[in-house]
Amino acid sequence: QVQLVESGGGLVQPGGSLRLSCAASTNIFSIYAMGWYRQAPGKQRELVARITSSGNENYADSVKGRFTISRDNAKNTVYLQMNTLKPEDTAVYYCHAAYRGDDYWGQGTQVTVSS
């Protein structure tokens, strides 16, 4: 079992930045992959960014060059640095972990980009 707790969401103006954090209840070095997904109203949940235990990263085309995923193994935490935010980034952001063949999700954190 892995518990994931997200933090860092909020309201930001277009062009602004936010950093999301996802704290895991287990050693993330043992987790195959961790990532961030988002779900906007009326839309399906989509992958935003993902990082594997070996450090490989991949991003949705819509966030490349603006978002950066990183991990701090000592703190069992994964981060999502979001820069140059756009209104279309507005969504609930969920942390995800793929661990021993199972999927784990956080409770989600709201990100709203609006002037």
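Would it be correct to say that LEU47 is open to solvent by less than 40 Å² (accessible area, probe 1.4 Å) and either of a type in the set (A, V, I, L, M) or modelled with pLDDT under 95 (or both)? For LEU47, the condition - open to solvent by less than 40 Å² (accessible area, probe 1.4 Å) and either of a type in the set (A, V, I, L, M) or modelled with pLDDT under 95 (or both) - is not met. When ALA23 is tested against (1) aliphatic (A, V, I, L, M); (2) surrounded by fewer than 13 Cβ atoms within 10 Å (Cβ to Cβ); (3) touching a helix residue (DSSP H, G or I) at 6+ places or on another chain (Cβ under 8 Å), just one condition goes unmet, and that condition is (2). When residues in segment 28-44 are screened for being under 14 Å from TYR104 (Cβ atoms) and more than 8 Å from the chain's Cα centre (by Cα), 6 of them pass.
If you go through segment 50-86 and keep only what is of a type outside the set (Ser, Thr, Tyr) and open to solvent by 70 Å² or more (accessible area, probe 1.4 Å), you end up with ARG50, ASN56, GLU57, ASP61, LYS64, GLY65, ALA74, LYS75, LYS86. Is there a residue being in contact with a Lys or Arg (Cβ under 7 Å, 6 or more places away or on another chain) and at pLDDT 95 or above anywhere in segment 104-113? Yes, there is a match, as at least one residue in segment 104-113 is in contact with a Lys or Arg (Cβ under 7 Å, 6 or more places away or on another chain) and at pLDDT 95 or above.
In the set (1) assigned to a strand (DSSP E or B); (2) closer than 19 Å to LEU4 by Cβ, the condition left unmet by THR112 is number (2).
The set of residues in segment 68-83 being closer than 14 Å to ASN58 by Cα and more than 10 Å from the chain's Cα centre (by Cα) consists of ARG71 alone.
For every residue, the table says whether it meets (1) touching a residue at least 24 places away in the same chain (Cβ under 8 Å); (2) within 14 Å of GLY35 (Cα to Cα).
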| residue | (1), (2) |
| --- | --- |
| ASP61 | no, no |
| THR68 | no, yes |
| ASN76 | yes, yes |
| PRO87 | yes, no |
| TYR104 | yes, yes |
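The values are calculated or read from the model by the stated rules, or taken from the named source; none is laboratory data. As the structure is a computational prediction, the values presented were derived from the model and not from experiment. Neighbour counts run over all protein chains shown; Cβ positions are idealised from the backbone, glycine included. Please note that ligands, DNA and RNA were not included when accessible areas were found on the heavy atoms of the full protein model with its side chains. Shrake-Rupley method; radii C 1.70, N 1.55, O 1.52, S 1.80 Å.
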